[in-house]
Structure formats: C-alpha cells, structure tokens
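Here's the structure we're looking at; comments come further down.
The values are calculated or read from the model by the stated rules, or taken from the named source; none is laboratory data. Treat the numbers as computed from the prediction; the structure is a model and nothing was measured. With ideal geometry, Cβ positions are generated from the backbone for all residues, glycine too; neighbour counts draw on all protein chains shown. With ligands, DNA and RNA removed, areas are computed over all heavy atoms of the protein, side chains included. Shrake-Rupley method; radii C 1.70, N 1.55, O 1.52, S 1.80 Å.
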Amino acid sequence: MAHFSADDEAMLQAMLRQLFQSVKEKITGAPSLECAEEILLHLEETDENFHKYKEMMHSLKNIMMIVVESMINKFEEDGLRSQERQKKIQKEKSNSYCTDNCSDSDSSFSQATLKMCTVYGEGMNVLPIVLQSYKFCQGKLQLILDQLDPGQPKEDRILKFYAQTFTLSPLHTTKEIYTSLAKYLELYFLSRENHIPTLSTGIDITNPNVSRLLKKVRLLNEYQKEAPCFWIRHPEKYMEEIVESTLSLLSVKHDQSHLVSQKILDPIYFLALVDTKAVWFKKWMHAYYSRTAVLRLLEKKYKPLITTAVQQCVQYFELCETMKADEALGRSKPYDLVTLTDLLVLFTQLIYYSPSCPKMTSSVHLENYSPANMVTEVLRILCDQKECAIECLYNNTVIEALLQPIHNLMKGTKAVPYCSETALIHIADILARIASVEEGLILLLYGENMNSSEGKSLTGADVIAQFSKKLLDEDISIFSGSEMFPVVKGAFTSVCRQIYGTCEGLQVLVPYSLHESIVKAWKKTSLLSERIPTPVEGSDSISSVSQESQNIMAWEENLLDDLLNFAATPKGLLLLQRTGALNECVTFMFSQYAKKLQISRHRKFGYEVLVTQVASTAAGAVALQSSGFINALITELWANLECGRDDVRVTHPRSTPVDPIDRSCQKSFLALVNLLSYPAVYELAGNQGLPNKAEYSLREVPTCIVDIIDRLIILNSEAKIRSLFNYEQSHIFGLR
C-alpha cells in the first residue's frame, strides 16, 4: 500500500469492507459489481501514473485473495452443516433448473462462488458470470466445480468451466458467458504480455498456449453457429449484444507499420482456422432478423471490418503477383477506393492467379479450401441469384476479366502461368451460368452497347466459340497429353451449348461451324473406344483400362449431348442432320430419357422439348421410331391406361373418371400430341393399313402409332371393344 496516499488508502479500505459485507450477504445482486467498478473508477481518476496503477492492481489482487480466503474459512462451518442436504438437492435437481428462492443452497453457492473467484479469477474475468449464474441452478454450478480436475493447468480448467456452463446454463445466461469470453479474448489479444504468433512464424498447434487459444476460439465459434437457432425468442437487445461483442473482438487490430511477414495475427485469423468457410457468418446473414442487426452495426460502428476484409483480398492478390514475378516479399501497397466491380474482377483474377496447392495435399482439401475454388463458389452464388447477377456481374469489365486467360492462350502467350486446366474449368462454369440467363446471354452476344456502331470488335460469344473450336480441333498445344484436357473441352462446349441453344445465339455461332468440330471429335472418340482392349481377369491393368474406358465413354456421351442440343432450334436441327449423326444422337437421347435422370438446373429444357423438335422432320421421326423411343412411349401409355398396378391390392373399385383425361395418362397424352406433327404422322402411319384382327388377346400391347389408332380410335368391331378393360376412358382418350 506504499504507493497510495492516505486518503486513497482509507477510501480503499472502506470500499473493501463494503465489498466484504455485500459478499457476506450471499452475493445476491449487483452491489458487489458496483462497488468493484467504483474502486476501479476511482483509481483510474486519481492515479496518473500507469506503472503505479499496475502495481496497485497487483496489490489489490493480493488483498482480495486474502479477503476471499478468510471468507472461505468463515463459511466452512456452514458448509459442513449443509453438506448432507446439498447432496439431496443435487440428486433431486440435477436435471432441472433451480428457482431464485432456493435458500437451502445459498451457503453452498456462496462457497462455490468464492472458490471460483479465488481459483480462476487470475485467468479470466468470471465474476460477471458468477453473479449472473446466481439465477442458474446453484447445485449444477457446484457440480461443475467439483468435476474439475485440480491436477490440470488452470487455463484448461477455465476452458472446461466455460464449456460446461455453456451446455448447462439457461439461454439468458449463455449470452453473458459468451460476451464474457469474447471480452476476455479481446483483452488477451490487446495485451502486450501475451505472445501472439506472427504471420512469418505461423501457428504452432503443439504450443500449449496456442492450443488453448484455439480451443477458446473454437468454443466461441460453436456458440456463434448455434445462437441463430434461439435468439429469435429473445428481445432484440439479446442478439445485438452477441453481435456487437463478436464484431468488437474481430475489430482488434495490431500496428500495421511493420512488414507483412512480421504482422501479428489478429483474432479473425484464428477464427478463420476453426471455421474456414465462415459458416457462423452465413447463418447470421441468412435471416432478415439478424441480418439487419449485423449490417446496421457494420455500417455504424464496424465499417473498418469490411475495409479490412477487402484489403486482405487485395493483399493476397498482390502476394500472388509477387510470387509470379519471383520478387521479394515487401511492404503491403496502399490501395485506393475499391468498387464492387473491382472486387469481382479481383475474385475472377484470383481464379487463375492463385498458385496450385502442393501435390501432397489431399484432393478433398484441394476441392474444399483452395482459394480458386472458394472464389468460384462465391461467383456461383451470385450467378444463381438473378437480381444480384444483373446488378454485379453482367457488365463488360467482369466479362473481360473472365475472358482474359482465354485471350492469352489463343495468342500463345504465357502471361498467366498459373492458368491451369482447373482454373479454365472454373471460368467455363461461371460463363455457362451467365449464358443460361437471358440477360447474361445478351451480354455475351452483343456486349453492353447493343446499338453501338463502333467497329466489329469480337464479343464474348465470339471469343468463347473460337477458343472452343481450337480446343476441339486440338490446335492449342499447351494442354496436349493432359488428363484434364477432355474436361476442359467439355466445359467450354457446354458454354457454347447454352449459346447455340437459342436462335440468336446460333446465328452468331454459325460462322464457326462448331457442329462440324464436335462431330469430328465424336468420331475420333468412337474409334478410340472401339480400340480399347477387353480387360483380362487377373491382369494388373484391369483398373487402368477400366478407368480409361470410362473416361472415353463419358467424353463420347458428352459430345453426343452437345450435338443433340443443336436440335433445340429448327436451324440447329438442320445442321445436326447434315452431320449424319442424327440417329446416334436420338438413340443417346432415348437412353438418357429411359434412365429418368434429373435435368440440370442450368438446362433451359428437358428431353421432351428436343423430342418435339426432332419429330418435326421426317428424318427425325424415323430416327425416333428406330431408336425404340416411340415404342417405349406407347408401352408406358398402355400401362397407365389399360393396366393397373399389380402391386396394389384392390379393396375398392376405381371411381368413375370425372376428368376428360385421367391424371395418370396426361403426361403420355401430351408426349404423343407433341410427337405427332404432320411429318411424323406421315412417316409413322402413312400408307399403312389397320390390322382389324378378328380377335385381340388381352395381353396384346400396341407397339406403334398404327396400333394405337386401331385399338383406341377406330373401334369398328366387338373384338376391339372386348379387348379393352376401360372401354369408355380408353376410347375417349383415343378420340381426343
């Protein structure tokens, strides 16, 4: 006490007596906190020397330790008397919450409180939790303390205490625990006494201090991910306190005057390690209730967080450029104002500037956490939200950034050495999503200035078509021999498919004769698939041959699908017929249709539309007939119309149909109506007579259009009528 004045010492002793008296009265509320806050406030106002203030706090802590120990001794006798009753209370209330008027356990709770303040007060500020927990079950609090192993380090016991109180406390108390933990971590990172790792040294998880810090951050993160499930049931202030304590912690920032490599890691780095994809933030931004609070606080008080996030992206891009140029790592460059378009261009450039991960890295890690993949995922999300895509992505600046590596590859330059096959696949995926929407397709076809008369510059669609043709013709040698080369070709032909699947897009791409390049590639692939040797049982090459054949078959089917999609427009169907691959494409379509595969969300239509288009020509109708498609369609129709489900036990007769066409037959009806265009009817039924048999077996199923006319429409004999189980319904169906 040598550093205090006489007046200060007298006031401190008076306040300590008041604090002792308030704790002695069962620690029933906030007076203890107010007293402690008055002490600190007074000391802050009277002590001008920081060093003396620090020593005074150390002395105050020692005094408090002595006071608390004396209080423990004083309550020891009372604790022995209530020990038996406390055991009964723990058994009876181990799975329920205690009420505020549970006076029998007050003495035990006081002991637990004082014990916790004594044992853990140095490590973390647990007094607010203790006072808030008075409304929490005292028996459970004592139980948590009893289960802590005294042999463990104090920091581990503190962590276990927090984890168990999170689990066992009521919801209104967990908020206090969370904000206390967030405040502790904030002070921990701001303290100069703690050795926080730097960017150059990295994070050594074998270091006990680092390991404990990561566990605390992980505990914080687990609560962040669970909080949105229940904070809607509390006042808005409950949620705002959680959000603000989190943003305050993430805003902790150290001095940035030193080199980037010597940068001290801020809390957000540790949070990124335990939640790499920021799942907690996605959950907070999902609901309007919490999203508005987060955005409001970011706008009013924590806008530097957004600035830091953007700056981090810029610095990472600069680092990639530095590594590309093989330069020394120096100071971070200052940046100007970054617009939303600039940020999206930066994301796009990161796809092909980011260095590849080491070969030893597992494929799962590569897929989930590579920077290029994560940036691509962000762009995919924007593409799938039409309004966001129109506002953010559909402009010439972003499109040019996506096409930049394609320009470089077609020129034969190596301006972007990191533009790997994987990067090109990511770019093609984004372009295909843009082309699948009308506004994005128009941008690729004509650019932003549709009515501009300035020159005849190449549009995005022109560049994509030229590059795809070079890939199909294998005029780009940089990827020759690569295992990923067919995947790259397939990705860019899929972009072209989105374009030539429309009349306007086909008109732009016709000069490039993509259908000829695709059919050449298909014929070449078909020859390769025929030459694959049959694997011999017991041979070591079975797996390699099998994998090779699967890759070739997949590429062959991909090319047939690309050819088939030319049939989406009348002119495209004519081009498909000229290739001579119409029959093979229709056979492939039937095989896919029979599998009942789910259509990709980025396809403009399913195979039903293509069937209608193909059937509009005589050659297409014949191809549908020879592929077995029409036979399968009629068989399915007959099963729905005349046959019931064999696996359903008939307990009640079927109700008299009220609808003009039974719902089970509507799909087949529409398929037949769309199929039977004039050229199709002429090819499938022209110059053919009706069977008009004297007798029809009940098991005889129609197989062609003529059979349908004979059995359902022209019922000119008793034999035809008797052959139908549902005469009226089937005949009405045929007439319609």
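Points to keep in mind about this one:
- Order by protection proxy (mean Cβ within 10 Å, highest first), peptides 513-519, 220-226: 513-519, 220-226
- FRET E, pair Tyr678, Leu458, Förster distance 45 Å, beta-carbon r, rounded to 0.05: 0.60
- Near-label residues of the stretch 675-700 by backbone N, under 17 Å of a point 7 Å along Cα→Cβ of Arg722: 692-700
- Using a probe radius of 1.4 angstrom, the carbon and sulfur fraction of the accessible surface of the stretch 148-195 is 54%.
- Ligands, DNA and RNA are left out, and with a 1.4 angstrom probe the accessible area of the stretch 386-518 is 45 Å² per residue.
- Note on surface exposure: Asp342, Asp336, Asp475, Asp462 rank Asp336, Asp475, Asp342, Asp462 by accessible area, highest first, 1.4 Å probe.
- Modelled spin labels at Asp149 and Val609, positioned 7 Å past Cα toward Cβ, are 6.5 nm from each other.
- Shown in residue order for the stretch 370-383 are the 3J(HN,Hα) couplings computed by the Karplus curve 6.51 cos²θ - 1.76 cosθ + 1.60 at θ = phi - 60°: 5, x, 4, 5, 5, 5, 4, 4, 5, 5, 4, 4, 5, 5 Hz (x for Gly and Pro).
- When the surface is traced with a 1.4 Å probe over the full set of protein chains, His172 keeps roughly 90 Å² accessible.
- Applying a threshold of 30 Å to the alpha-carbon distances of Lys183/Lys303; Lys225/Lys301; Lys282/Lys470; Lys183/Lys386; Lys160/Lys282 flags Lys282/Lys470; Lys183/Lys386 as lying beyond it.
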